[in-house]
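Student: Please read through the structure below; I'll follow up with questions.
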């Protein structure tokens, strides 16, 4: 009898969903870095700029909500984007303590320049999947991140 079916080998980490998602994400991030082009934005910097472009001037809390990036990380991202003059910071009219992130003209240009690359990066990430598998993959990933229905 094969030892691979013994109880201590019943759990193969390399076949678990978390491991496979992590490997897929690492592959996607490598593809992103290789193909992002002249803007030299990281993936998280790019989605942060896109979030401000799409939602208008945003607080850090709003950016955390729409990007799924934690508060500590978003602060660092905002500092780096500000240093590159891709965003500017202001304060909320009602609450002077609240920092509001604004997209600069350079930031808008960086997003516009990077979007075609991002579309190509998505294409390269999904290259091993046929059209039906691509639709299913996006559907299943969206379904996985939904809150379970009571």
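Just so you know, all these numbers are worked out from the coordinates, no wet-lab data involved. Only a predicted model underlies this, so the values are computations on that prediction, with no experimental measurement involved. Cβ coordinates were reconstructed from backbone atoms using ideal geometry, including for glycine residues, and neighbour counts include every protein chain displayed.
Student: Does residue 62 qualify as being more than 30 Å from residue 126 (Cα to Cα) and surrounded by 10 or more Cβ atoms within 10 Å (Cβ to Cβ)? Please lay out each step first, then the result.
Tutor: Working: more than 30 Å from residue 126 (Cα to Cα): no; surrounded by 10 or more Cβ atoms within 10 Å (Cβ to Cβ): yes.
When the stated conditions are applied, residue 62 does not pass them.
Student: Let me ask you something else. Failed condition for residue 71, given (1) touching a helix residue (DSSP H, G or I) at 6+ places or on another chain (Cβ under 7 Å); (2) exposed (fewer than 13 other Cβ atoms within 10 Å of the Cβ); (3) touching a residue at least 24 places away in the same chain (Cβ under 8 Å), with all others met?
Tutor: The single condition residue 71 does not satisfy is (3).
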